[in-house]
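For reference, the structure is listed below as structure tokens.
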Amino acid sequence: MEHKLYIYNTLSRKKEQFIPIHEPHVGLYVCGPTVYGDGHLGHARPAITFDILFRYLMHLGYKVRYVRNITDVGHLENDADSGEDKIAKKARLDELEPMEVVQYYTNRYHKAMEALNVLPPSIEPHASGHIMEQIEFTQKILDAGYAYVSEGSVYFDVEKYNKAHHYGKLSGRNIDDMLETTRNLDGQSEKRRSVDFALWKKASPEHIMRWNAPWSEGFPGWHMECSAMGTKYLGEEFDIHGGGMDLMFPHHECEIAQSCAALGKDTVKYWMHNNMITINGQKMGKSLGNFITLEQFFTGNHQLLSKAFSPMTIRFFILQAHYRSTVDFSSEALEASEKGLERLMEGYARLQKITALESSSVEVDGLRKKCEEALSDDLNTPMVISALFESLKAINMIHDGKETICAADLEELKAVFKLYIEDLLGLKMSIESASGTEPYQKAIDLLLNIRLEAKKNKDWATSDKIRNELTALGFEIKDTKDGFEWKL
RNA sequence: GGUACUUUGGCCGAGUGGCUAGGCACCGGUCUGCAAAACCGUAUACGGCGGUUCGAAUCCGCCAAGUACCUCCA
């Protein structure tokens, strides 16, 4: 690869040059959703962030295998000892089979992702479909001596692991602090230490989702699925593991410990974490109950939303901030993004209509380089967008006849805009352009042509009436030099 | 309590030891019968106090405010 990509590795807390383990192949694993409820804005962030990475790696010529899991078992509601499985709880409340819950929300998640123009991953494994792998993985850890069986459940022996390796190296904490802060929570536990976590849980009698294992009839611990499925599809060592920052501890820390204990080596080379979306400065999340679902954004059906926002607006809004920064949601911020996106896309459409002249009065060369440098510098999408907006000015000036562009420059500009807007940032033209059937469109055109005639005759009363009434119906009428344009 | 991070103009949000980020809003202009839309343009900034430096919003220290993780969370 002639171009160098730098990504921030949470492990080293530095930007590092990305060098694949087995070029040209790249293995990418990202923690997907637990499908017990509708996806919210927070789910869109990692999906979009790693969608950009996925697209960019492919653009650079790598053969990428992108694995994003669906968690449908083992993710508990509260403390590992007493919590109820999230899926099972939802199923009980809705009187459904757990797998009905899983299917329903998985479908809805897919629909939302498609609307956001997030490419499907190469493999989307379900935890429930990989119970055997998880049992085997657990057995490996037991064989290695880093786990113990207690009352039919299997727990990871964190203290023992920590003697040989550093438990806490990803999140930057040490075991003594953790033992201190968690000591009080520990009462009736079957665990030796409060920091130990479950690899396999024996199912209580009322627990529906259960499988046979050497230790008991039960289900796998939450962290186990990613270790088992990640290594199954990407190998014992793979390139990039991503997810939300809130998963850093304990989820990813446990994953590192599990994989290292079972395989005797570190599995992941680069750890990447996207930051959180906040609302009034506070993290948006299920536990805080302050989340807005993606569907609510698309329909505008939420008290904090001034109106509906298109999936592309959401995508653009997220891309306008760097993935490692928190981004604060507000209706105003989204409206600003919406307008900005519209301007960008209209400029992009305008670019297609520009005719080339003999020579260029504008500079086109720098854009591709700027975008490339920005994206390869730890996915700096805000910089890419900024560069595009700067070129947008030139496009508009050319359109107005104030600047000129030659054929070669025009081709380059079109190519770069397409590459970055469509292929890499994944922004699509708004769907609104296709409004109504042909007879319907012709009827509107007819009305506006009548208005045009009225204008020629200086019959302002008729002209304004048509304009005002159409506006009242929700049409946007634009007068141009030689006619009109309209949209809903 | 422990650990980490953040603090940029009216709002959102990049960046960086010296050169305009960008978007939205505002204001001014072009266009228009008037508007709207569109387009162009100007302005406004780097939490506070010290230090390093020829020079810091950018590095260091202290202080303040806020957030996250330490329990489920993308």
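Helix A:331-353 and the longest principal axis of the Cα set of chain A meet at an angle near 60°. Extent of the range A:73-152 along its three principal axes (Cα atoms, max minus min coordinate, largest first): 47, 33, 20 Å.
About its Cα centre, chain A has a charge dipole of approximately 620 debye under the convention of +1 per Lys or Arg Cβ and -1 per Asp or Glu Cβ, with nothing else charged.
Annotation for A:F389 and A:S12: the two label points, set 7 Å from Cα along the Cα-Cβ direction, are 3.3 nm apart.
Which percentage, to the nearest 5, of the DSSP beta bridges contained in chain A is antiparallel?
50 percent
Between helix A:407-417 and chain A there is an angle of about 40 degrees, using the helix long axis and the longest principal axis of the Cα atoms.
In terms of overall dimensions, the range A:12-67 has a Cα radius of gyration and Dmax of 13.5, 38 angstrom. Go through the range A:11-28 residue by residue and turn each phi into a ³J(HN,Hα) via Karplus (6.51, -1.76, 1.60, θ = phi - 60°); whole Hz please, and just put x for glycine and proline. Per residue, the Karplus-derived 3J(HN,Hα) values read 4, 9, 6, 9, 6, 10, 5, 7, 10, x, 6, 10, 4, x, 8, 10, x, 10 Hz. What's log10 of I(q)/I(0) for the range A:108-244 at q = 0.12, 0.16 Å⁻¹, Debye sum over Cα points only, no solvent? Scattering profile of the range A:108-244, log10 relative to I(0): -0.61, -0.99. Highest average first, the peptides A:109-115, A:438-444 ordered by how many other beta carbon atoms sit within 10 Å of their residues are A:109-115, A:438-444. For the range A:229-314, DSSP calls about 25 percent of its internal beta bridges antiparallel.
The H on the amide N of A:V64, modeled in the peptide plane, is under 5 Å from the matching H of A:V26, each at least 5 residues off or on a different chain. Between the helical axis of A:460-472 and the longest alpha-carbon principal axis of chain A there is an angle of about 10 degrees.
Structural size metrics of chain A, computed from C-alpha coordinates, are Rg and Dmax of 27.1, 92 Å.
Using only C-alpha positions, report the orientation-averaged shadow area of the convex hull of the range A:376-488, nm², one decimal.
Spelled out: convex hull of the Cα atoms, projected over all directions, averaged, 10.1 nm².
Restricting the trypsin sites (Lys or Arg not before Pro) of the range A:252-303 to loop positions (DSSP other than H, G, I, E, B) with no more than 11 neighbouring Cβ atoms within 10 Å leaves A:K265.
Any read-out appearing in this document is the output of simple, stated calculations on the displayed coordinates, not a laboratory observation. Every value quoted in this text rests on a predicted model; they were computed, and no experiment measured them. Note that we place each Cβ from the backbone using ideal geometry, even for glycine, and neighbour counts take in every protein chain shown.
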